[in-house]
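These notes are about the structure you will find just below.
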Amino acid sequence: MRAMDKLKVIETDTYITLENTHVLSTEEMLELVNFEISEQLLNHYDNITILVHSKFPEQVEKILRQRGFYLHDETLFVHKDLQQEELIGDSNLTFSSLHHVSTDIFKEAWGEVMSGSLNAPSTLHMNEQMMAVKKELGEAYKQSCLIASENGNTIGVVMPHIEPGTTNEGRLFYFGLVPSERGIGKSRKLHQSALSMLQRDFKARYYIGSTSVHNKPMVNTFVSNGCEITESYKVYKHIRGH
């Protein structure tokens with residue numbers, strides 16, 4: 001079996017993302033970055049992303065840089081058991097899915113939430129972002145794309161779902177506040193409400209989250225809501241013609 005066949009692969013016509021490299025041995029990882037990520041593959045996709053687990057030696061990153069990749073960000077992953085207690089969301093927040101609002105309205109809200117984020121900026125355009133959601137979540141994506149409101153005003157977006165290929169791993173494809181709502185304690189409430197939805201509506205038994213190591217407010221939100229930091233990955237990207 002090829003090393004790439006063991007990974008989580010998210011792919012469209014223009015980009016490919018390789019995740020879960022922690023399942024590979026160092027030998028397999030070197031095989032991946034040296035040979036399986038071929039020149040043909042580099043020339044086929046406009047945008048290639050690979051998450052390099054912290055357990056791998058510097059040699060792996062050196063090879064990637066030699067092959068035209070650059071360090072885009074470093075990501076922390078967190079875990080929370082959702083079976084220990086019933087989680088209660090904030091009753092002041094309401095949520096509207098794509099069954100009730102248009103895709104254009106959701107994309108506008110999502111774009112506002114991403115602006116000024118402490119996470120590294122996405123290299124995908126908004127339409128490509130939506131394509132990635134549909135690709136990963138399938139037909140269920142509409143119920144996962146939620147605009148969060150308080151007193152009739154949009155405060156953020158949350159995108160809860162069960163990780164494809166699992167039956168009970170809760171994830172948030174994206175989660176965040178619009179700029180005007182940041183820094184006033186609402187991140188923890190919105191995240192807690194999203195965890196409550198994962199537990200209640202999606203029947204998730206545990207939650208896996210991630211954010212940039214540079215996004216200290218988000219890391220603090222995770223910790224405040226009982227999440228445990230478990231591992232880190234370096235995010236390397238290759239942009240064709242970059």
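Nothing in this text is a laboratory measurement; each read-out follows from the coordinates by a stated rule. Predicted model only: the values in this text are computed from it and were never measured. Cβ placement follows ideal geometry from the backbone for every residue including glycine, while neighbour counts extend to all protein chains displayed.
What the table below lists for this structure:
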{"item": "Paramagnetic reach from Asn151 (point 7 Å along Cα→Cβ, amide N under 20 Å) across the range 84-98", "result": "90-96"}
{"item": "Extension gain from His125 to Glu163, taking 0.36 nm per residue of separation minus the Cα-Cα distance", "result": "11.4 nm"}
{"item": "Extension gain, Tyr70 back to Asn220 (0.36 nm per residue minus Cα-Cα distance, nm)", "result": "51.2 nm"}
{"item": "Rotationally averaged projected area of the range 81-231 (alpha carbon convex hull; nm²)", "result": "8.7"}
{"item": "The chain - percent relative contact order, Cα under 8 Å, separation 6 or more", "result": "31"}
{"item": "Residue among Asn153, Asn225, Asn168 with the largest mean-square fluctuation in a Gaussian network model of the chain, springs linking Cα atoms under 10 Å", "result": "Asn153"}
{"item": "Protection-proxy order for peptides 184-191, 144-151, each taking the mean of Cβ atoms within 10 Å per residue, highest first", "result": "144-151, 184-191"}
{"item": "For the chain, share of DSSP beta bridges that run antiparallel, in % to the nearest 5", "result": "90"}
{"item": "At R0 = 45 Å, FRET efficiency that the Cβ-Cβ distance of Ser115 and Gln84 yields, to 0.05", "result": "0.80"}
